[in-house]
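The structure under discussion appears below in the form of structure tokens.
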Amino acid sequence: MTQVVDETLAAVPRGLLIGSDWVSTDATFEVTDPARGEVLAQVADAGVAEALDAVVAAHDAFGGWAATAPRARAEVLRRAYEIMSAELEQCARLIVLENGKAWNDAMGEAAYAAEFFRWFSEEASRVSGDFRLAPSGDKTIIVDHQPMGVAYMITPWNFPAAMATRKLAPALAAGCTAVLKPAAETPLTALWVAEVLRRAGAPSGVVNVITTSQPGPVSESVLADRRTATLSFTGSTFVGKLLLEQTARRALPSSMELGGNAPLLVLQGADVEEAVEGAVLAKMRNGGSACTAANRFYVHESLATEFTNAFERALGALKIGSGLDPAHDLGALVSVKERDKVLDLVHKAEEEGGAASPATGAPAEGAFLSPYVVRGVTHGQTLTREEIFGPVAPIITVQSTDEAVEMANDTEYGLISYVFAPNAGEGIRVARRMDTGMVAINRGVASDPAAPFGGMKESGLGREGGFAGIHEFLETKYMAVDL
Ligand code: NAP
């Protein structure tokens with residue numbers, strides 16, 4: 001295993017990708033393995049000057065890439081899909097090493113990430129406009145779409161591959177060029193993805209990557225630069241709002257995929273076995289470190305005991321340990337700091353009267369954490385308000401569907417919700433009442449590259465994936481033509 005790990009790490013560039021070159025810097029920062037606490041690599045630490053060099057490279061490449069035929073752009077993305085699909089294990093290993101997640105989660109993410117290249121390779125040549133006679137009859141209305149220009153992308157640590165491809169693929173399909181800033185905890189996967197795009201034939205300057213330990217000043221300077229045309233951010237609502245203040249100064253288009261506080265409803269008459277199976281997926285995919293992770297469980301009183309006991313048993317059966325071993329269902333959190341944040345929330349829930357019990361044991365060394373079920377939580381308490389981002393499941397008993405819907409919607413977040421109902425019809429009726437951009441009905445996962453991903457309220461602006469994703473990188477142009 002050590003040899004495979006060493007080979008995987010050796011294949012990853014450590015510099016900044018600016019134009020056609022991997023550029024090294026005097027300053028570097030460490031990337032560590034949260035499971036073993038070991039340093040994995042030193043990567044280049046970009047300052048403002050290097051970040052602006054990347055913007056210049058992307059700007060210089062824009063004209064040529066925008067003028068490249070959509071099908072030729074599509075072929076680069078298709079080749080990236082093929083390379084990535086052939087090297088899924090390598091991608092998954094990198095994700096495990098720097099993020100800590102379980103092997104199956106990492107393989108799932110690698111495949112999901114590659115799918116964005118395939119989906120947007122198909123979308124690149126399907127952007128259609130409009131051509132029609134004005135209602136007044138005095139002219140023809142032509143509506144066309146054109147790439148915005150240099151897209152600045154900021155991604156989080158929880159899906160280091162998929163959050164990068166979900167932005168890079170539509171941007172490149174649209175004809176934009178990219179400057180990507182991955183999270184400091186997990187830059188290696190993004191550097192690897194960029195190298196995949198280069199191997200797939202992305203021309204010099206079309207994809208640029210800056211790794212940095214100073215996200216604030218670096219991003220502020222990139223966003224203030226007039227060559228930057230749009231921002232695509234995935235991360236916390238807190239940082240998203242800071243960035244919106246900056247993009248407001250230039251009225252810069254800003255796509256925001258922000259935090260979630262997903263409710264999971266188990267309604268009267270729901271199939272408990274199906275609900276437990278879905279709840280385990282919705283809570284535990286990515287070890288609970290997902291914006292889509294079920295954060296609050298509103299369970300009808302008639303099913304509460306049966307559901308909670310069965311859910312706890314299912315969580316107790318999960319094996320916890322190194323993500324490099326496929327036998328483990330649950331890996332490490334991204335850092336000890338992050339694990340301690342989640343544990344603090346558990347302690348807070350106990351202080352507020354909740355009964356928290358670890359479902360099973362976890363290794364003492366490394367950023368591992370047992371899953372917790374917390375009984376006796378009341379709506380409005382800390383665990384129902386804060387994004388937990390770890391394997392902790394607060395259970396709130398409700399007396400009716402109306403009460404569950406009201407509590408579920410009582411949050412500033414609105415990314416996704418999960419509804420377990422007696423049948424699909426009832427599920428859809430309730431889903432229509434949920435103030436979330438996505439609803440999974442009688443299932444624990446909704447994400448699909450072919451579907452629009454995004455949130456309402458403070459969970460975001462815009463959509464990624466689906467038919468909408470490419471339009472985050474396109475301007476709409478209306479031309480008026482005399483008859
Ligand atoms: P975060 O702290 O907001 O960081 C996200 C990214 O923003 C990182 O690259 C980070 O860089 C950068 N950043 C931090 N401070 C910044 C600043 N002042 N200016 C510019 N960039 C800055 O979020 P996270 O902890 O990595 O990720 C977890 C959050 O992401 C959760 O809230 C989760 O719900 C959300 N998320 C949302 C989605 C979605 O699609 N809606 C998907 C995944 C995650 P550094 O790494 O250097 O700090």
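Among all positions in segment 465-474, there is at least one residue which is farther than 14 Å from T292 by Cβ, among the hydrophobic types (A, V, I, L, M, F, W, C) and assigned to a helix (DSSP H, G or I). Within segment 427-483, being surrounded by 16 or more Cβ atoms within 10 Å (Cβ to Cβ), among the basic types (K, R) and within 29 Å of F131 (Cβ to Cβ) holds for one residue alone: R463. Checking each residue in segment 378-414 for being more than 13 Å from the ligand (Cβ to nearest atom), under 26 Å from the mean Cα position of the chain (by Cα) and among the small types (G, A, S) picks out A393, A408. Only a single criterion out of (1) among the hydrophobic types (A, V, I, L, M, F, W, C); (2) touching a Phe, Trp or Tyr at 6+ places or on another chain (Cβ under 7 Å); (3) within 14 Å of the ligand (Cβ to nearest atom) is not satisfied by A161, namely (2). Scan segment 79-112 for residues that are of a type in the set (D, E) and closer than 21 Å to D6 by Cβ and jot them down. Answer for segment 79-112, where residues must be of a type in the set (D, E) and closer than 21 Å to D6 by Cβ: E87, E89, E98.
Contact map, segment 145-163: residues that are over 17 Å from A332 (Cβ atoms) paired with residues that are among the basic types (K, R) and assigned to a loop (DSSP other than H, G, I, E, B), Cβ distance under 9 Å, separation 6+ or inter-chain. Pairs shown: G149/R227; V150/R227.
Looking at the structure I just gave you, is E7 touching a helix residue (DSSP H, G or I) at 6+ places or on another chain (Cβ under 8 Å) and without any contact (Cβ under 8 Å) to a residue 24 or more places away in the chain?
Working: touching a helix residue (DSSP H, G or I) at 6+ places or on another chain (Cβ under 8 Å): no; without any contact (Cβ under 8 Å) to a residue 24 or more places away in the chain: yes.
Taking the combined requirement at face value, the residue does not satisfy it.
Being within 15 Å of the ligand (Cβ to nearest atom), in contact with a Gly (Cβ under 6 Å, 6 or more places away or on another chain) and either not hydrophobic (A, V, I, L, M, F, W, C) or not in a loop (DSSP other than H, G, I, E, B) (or both) is a condition met by at least one residue of segment 94-105.
Taking first residues from segment 372-393 that are polar (S, T, N, Q) and partners that are within 15 Å of the ligand (Cβ to nearest atom), the Cβ contacts under 6 Å between residues at least 6 apart in sequence or on separate chains come to T384/R296. The number of residues in segment 249-266 that are within 14 Å of the ligand (Cβ to nearest atom) and among the β-branched types (V, I, T) comes to 0.
Out of curiosity, is V334 of a type in the set (V, I, T), away from the ligand (no atom under 16 Å from the Cβ) and in contact (Cβ under 8 Å) with a residue 60 or more places away in the chain? If you could, list the steps in order and put the result at the bottom.
Numbers: of a type in the set (V, I, T): yes; away from the ligand (no atom under 16 Å from the Cβ): no; in contact (Cβ under 8 Å) with a residue 60 or more places away in the chain: yes.
No; evaluated as a whole, the condition is false for this residue.
Filtered by the rule that a residue be part of a helix (DSSP H, G or I), surrounded by fewer than 16 Cβ atoms within 10 Å (Cβ to Cβ) and not hydroxyl-bearing (S, T, Y), segment 1-47 gives Q3, V4, D6, E7, A10.
Listed by position, the strands (runs of 3 or more DSSP E) contained in segment 116-161 that have at least 3 residues being under 27 Å from the mean Cα position of the chain (by Cα) are 139-147, 150-154.
Being within 8 Å of the ligand (Cβ to nearest atom) and either touching a residue at least 60 places away in the same chain (Cβ under 8 Å) or in contact with an Asp or Glu (Cβ under 8 Å, 6 or more places away or on another chain) (or both) is the filter here, so list the residues in segment 224-238 that pass it. Let's see the steps before the verdict.
The initial filter retains those residues of segment 224-238 that are within 8 Å of the ligand (Cβ to nearest atom), namely 233-238.
Answer for segment 224-238, where residues must be within 8 Å of the ligand (Cβ to nearest atom) and either touching a residue at least 60 places away in the same chain (Cβ under 8 Å) or in contact with an Asp or Glu (Cβ under 8 Å, 6 or more places away or on another chain) (or both): F233, T234, G235, S236, T237.
Which residue, of E301, E351, E365, E306, is acidic (D, E), over 27 Å from the mean Cα position of the chain (by Cα), at pLDDT below 95 and surrounded by fewer than 20 Cβ atoms within 10 Å (Cβ to Cβ)? Testing whether each residue is acidic (D, E), over 27 Å from the mean Cα position of the chain (by Cα), at pLDDT below 95 and surrounded by fewer than 20 Cβ atoms within 10 Å (Cβ to Cβ) leaves just E365.
Going residue by residue through segment 415-428, is there one that turns out to be more than 22 Å from the chain's Cα centre (by Cα), in a loop (DSSP other than H, G, I, E, B), closer than 23 Å to E352 by Cβ and not aliphatic (A, V, I, L, M)? The answer is no, given that none of the residues of segment 415-428 is more than 22 Å from the chain's Cα centre (by Cα), in a loop (DSSP other than H, G, I, E, B), closer than 23 Å to E352 by Cβ and not aliphatic (A, V, I, L, M).
What number of residues within segment 309-318 are basic (K, R) and under 25 Å from the mean Cα position of the chain (by Cα)?
We begin by selecting, within segment 309-318, every residue basic (K, R); these are 313.
In the following step, the residues that additionally are under 25 Å from the mean Cα position of the chain (by Cα) were identified as none.
Residues that pass the stated criteria total 0.
A174 - would you say it is crowded, with 24+ Cβ neighbours inside 10 Å and within 16 Å of the ligand (Cβ to nearest atom)?
Details: crowded, with 24+ Cβ neighbours inside 10 Å: yes; within 16 Å of the ligand (Cβ to nearest atom): no.
So A174 does not fit the description; no.
Candidates A355, A314: the one that is under 29 Å from A110 (Cβ atoms) and without any contact (Cβ under 8 Å) to a residue 40 or more places away in the chain is A314.
So that you can scan it fast, the table gives a plain yes or no per residue for (1) within 15 Å of the ligand (Cβ to nearest atom); (2) surrounded by fewer than 18 Cβ atoms within 10 Å (Cβ to Cβ):
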residue: V193; (1), (2): yes, no
residue: V196; (1), (2): no, no
residue: R199; (1), (2): no, yes
residue: S204; (1), (2): no, yes
residue: N208; (1), (2): no, no
residue: S219; (1), (2): yes, no
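Within segment 267-295, the set of residues being within 21 Å of L330 (Cα to Cα), crowded, with 18+ Cβ neighbours inside 10 Å, hydrophobic (A, V, I, L, M, F, W, C) and away from the ligand (no atom under 15 Å from the Cβ) comprises A275, V276, A279, V280, M284.
The values are calculated or read from the model by the stated rules, or taken from the named source; none is laboratory data. It should be emphasised that the depicted structure is a prediction, and the values quoted were computed from it without experimental measurement. Note that each Cβ is placed from the backbone with ideal geometry, even for glycine, and that neighbours are counted across all protein chains shown.
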